[in-house]
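Below is one structure, written out as structure tokens; the observations come after it.
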Amino acid sequence: MEEDVQVFSVSDNAARKISALLKDEQEADIKYMRVAVEGGGCSGFQYIFKFDSIKNSDDLIFEKNDVSVIVDEISLELIKGGTLDYIEELIGSYFQIVNPNASSACGCGTSFSI
């Protein structure tokens, strides 16, 4: 499936950071940043961010500035309409999902409820 900005998007900040991190990776076959949602965290669901070299049959690819982010179909249902962003603040830097489906989130932003 081709990228659909209406379904999920990647910010310029996130794309820049993913690109820089991929350049630092020791494994040459790492191609993707994977975004997933799993049960858990203090709010019911938690975001998972990791690098992956494998695209599964149920993964959708979202591209920005030559960076590919993959999201599985089940996770996408929970973050549909959202944006992957990268935040840099004095207290730290982190990836964040701006998720219009979340009814609440924990203080650190790594988990949410619907």
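The values are calculated or read from the model by the stated rules, or taken from the named source; none is laboratory data. Keep in mind it's a predicted model, so treat the numbers as computed, not measured. All Cβ positions, glycine included, derive from the backbone under ideal geometry; neighbour counts span all protein chains shown. Accessible surface is based on the protein model in full, side chains and every heavy atom, while ligands, DNA and RNA are left aside. Shrake-Rupley method; radii C 1.70, N 1.55, O 1.52, S 1.80 Å.
Net charge within 15 Å of A36 by Cβ-Cβ distance, Lys/Arg positive one each and Asp/Glu negative one each, not counting A36 itself?
Values: positive: R34, K50, K55, K80; negative: E38, D52, D58, D59, D72, E73, E77.
Value of the local net charge: -3.
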Quiz item: How much FRET efficiency would the formula 1/(1 + (r/R0)^6) give for I91 and Q46, where r is the Cβ-Cβ distance and R0 is 30 Å, rounded to 0.05?
Solution: 0.90
Practice problem: Report, by chain and number, residues whose modeled amide H sits under 5 Å from the one on R34, excluding near sequence neighbours (fewer than 5 apart, same chain). | Solution: K50, F51, D52, I70
Quiz item: Can you list residues whose amide H is under 5 Å from G81's amide H, if they're 5+ apart or on another chain and H is modeled 1.01 Å from N?
Solution: F8
Quiz item: If you plug each phi of the range 11-19 into the Karplus form 6.51 cos²θ - 1.76 cosθ + 1.60 with θ = phi - 60°, what whole-Hz ³J(HN,Hα) values come out, in order, with x for Gly and Pro?
Solution: 6, 4, 4, 5, 4, 4, 5, 4, 4
Quiz item: In nm, to one decimal, how far is the modelled label at I61 from the one at A20, with both set 7 Å along Cα→Cβ?
Solution: 2.5
Self-check item: Prolate/oblate/rounded label for the range 39-99 (Cα gyration tensor, a/c 1.5)
Solution: oblate
Quiz item: Calculated FRET efficiency, I54 and K80, Cβ-Cβ r, R0 25 Å, to nearest 0.05?
Solution: 0.60
Quiz item: Any idea of the accessible area per residue across the range 58-99, 1.4 Å probe, to the nearest Å²?
Solution: 53
